[in-house]
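See structure below.
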């Protein structure tokens with residue numbers, strides 16, 4: 001049964017752009033880049049395939065703005081002209097299918113990879129861990145300029161906009177969180193001061209690039225830790241950035257473990273791994289999953305609070321969105337404007353088309369997260385389990 005008349009297949013305006021439907025591919029670090037941060041052909045083809053499968057808004061995995069803010073050795077970057085040029089033909093091809101493309105730009109902060117940092121310390125708003133160093137005001141200004149430069153490179157690549165990665169405990173996420181940000185200057189303390197670095201980055205991007213360039217923001221609706229950012233904090237930030245940010249994508253979790261939910265399948269986790277790696281993989285997966293069991297739509301409660309306080313902003317939510325009818329209800333009830341999906345697209349890039357023709361209600365993805373645990377095997381993100 002065709003669902004082409006569903007609200008999920010109606011267009012929505014984001015800034016000056018029209019998104020062809022209500023489906024978004026949430027940024028997922030694919031770990032399919034060269035050591036120079038250039039996307040490999042496998043990643044390029046993955047993005048083009050998503051566009052050909054009618055995903056309205058596509059956000060490739062997070063891209064570092066500087067080597068000392070790089071999350072992984074095989075992560076894409078957006079801080080050199082070569083990195084920007086590598087995406088030009090890819091985006092041109094994606095646009096042919098009608099998709100819009102945002103580049104998610106980020107600084108990993110204390111989650112940066114020591115192998116790529118060239119001796120730089122782990123930067124943070126405040127030095128609350130033994131290995132972190134609090135940024136000086138001059139360093140904060142440098143980081144603001146680096147975000148602007150990265151956005152300019154994204155524009156040159158042909159991207160329709162950028163998404164600031166302000167979630168999951170990376171640098172901007174830590175600035176927004178009262179747990180991590182304990183500064184006493186103008187970049188810490190109350191909510192407005194904690195928001196200042198993000199607001200100044202947005203201001204610089206807006207001043208530098210055309211008005212039709214989308215500025216989006218992925219942010220925690222809840223840190224899910226004691227003393228962390230709450231839904232009310234997030235709602236306040238959204239209210240302060242209304243008019244400056246075109247789309248807020250609501251996620252959650254102040255660390256990598258807290259940002260995901262798990263339903264482990266150990267037999268698939270071990271697929272392709274050497275026997276001597278089995279026990280370490282199992283123990284790591286179990287430690288991540290403990291207390292973070294999978295539930296459907298786990299960030300929707302925070303999104304509802306944000307929507308109640310901010311009825312006119314454009315919202316997306318990510319985290320356990322699976323059921324077609326449930327997503328349809330979220331949009332019909334104006335909880336969100338866009339439904340953002342990650343893991344199911346790793347397994348099956350064609351789920352939007354399957355939803356549309358009515359062959360599936362719920363994708364065959366249950367958040368085992370074996371795709372995530374494939375990263376140490378140097379293969380990048382992939383699904384271990386047969387599609388259907």
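So here's what we get for this one:
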read-out	value
Identity of the residue in the range 154-163, surrounded by fewer than 24 Cβ atoms within 10 Å (Cβ to Cβ) and touching a helix residue (DSSP H, G or I) at 6+ places or on another chain (Cβ under 7 Å), that ends up farthest from residue 57 (Cα to Cα)	156
Matching entry among 29, 21 (being at pLDDT 95 or above and either more than 19 Å from residue 151 (Cβ to Cβ) or assigned to a loop (DSSP other than H, G, I, E, B) (or both))	21
Selection count where residues are more than 22 Å from residue 343 (Cα to Cα), in contact with a strand residue (DSSP E or B) (Cβ under 8 Å, 6 or more places away or on another chain) and in a loop (DSSP other than H, G, I, E, B), scope the range 43-69	1
Residues satisfying the stated conditions in the range 88-109, i.e. in a helix (DSSP H, G or I) and farther than 30 Å from residue 127 by Cβ	88, 89, 90, 91, 92, 93, 94, 95, 96
Unmet criterion (only one of (1) more than 25 Å from residue 369 (Cβ to Cβ); (2) at pLDDT below 95; (3) crowded, with 23+ Cβ neighbours inside 10 Å) for residue 4	(3)
Conditions (1) touching a strand residue (DSSP E or B) at 6+ places or on another chain (Cβ under 9 Å); (2) closer than 30 Å to residue 91 by Cβ; (3) in contact (Cβ under 8 Å) with a residue 40 or more places away in the chain; (4) surrounded by fewer than 21 Cβ atoms within 10 Å (Cβ to Cβ): number failed by residue 206	(3)
Residue within the range 2-19 that is in contact (Cβ under 8 Å) with a residue 12 or more places away in the chain, touching a helix residue (DSSP H, G or I) at 6+ places or on another chain (Cβ under 6 Å) and within 19 Å of residue 163 (Cα to Cα) present	no
Residue check, residue 243 on the phi > 0 side of the Ramachandran plot and surrounded by fewer than 22 Cβ atoms within 10 Å (Cβ to Cβ)	yes
Answer residue from the range 97-115, given it is modelled with pLDDT under 95 and over 21 Å from the mean Cα position of the chain (by Cα) and is nearest to residue 175 (Cα to Cα) among those	114
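The values are calculated or read from the model by the stated rules, or taken from the named source; none is laboratory data. Just so it is clear, the structure is predicted and the values come from calculations on it, not from any experiment. Heads up, the Cβs are rebuilt from the backbone with ideal geometry, glycines too, and the neighbour counts pull from every protein chain shown.
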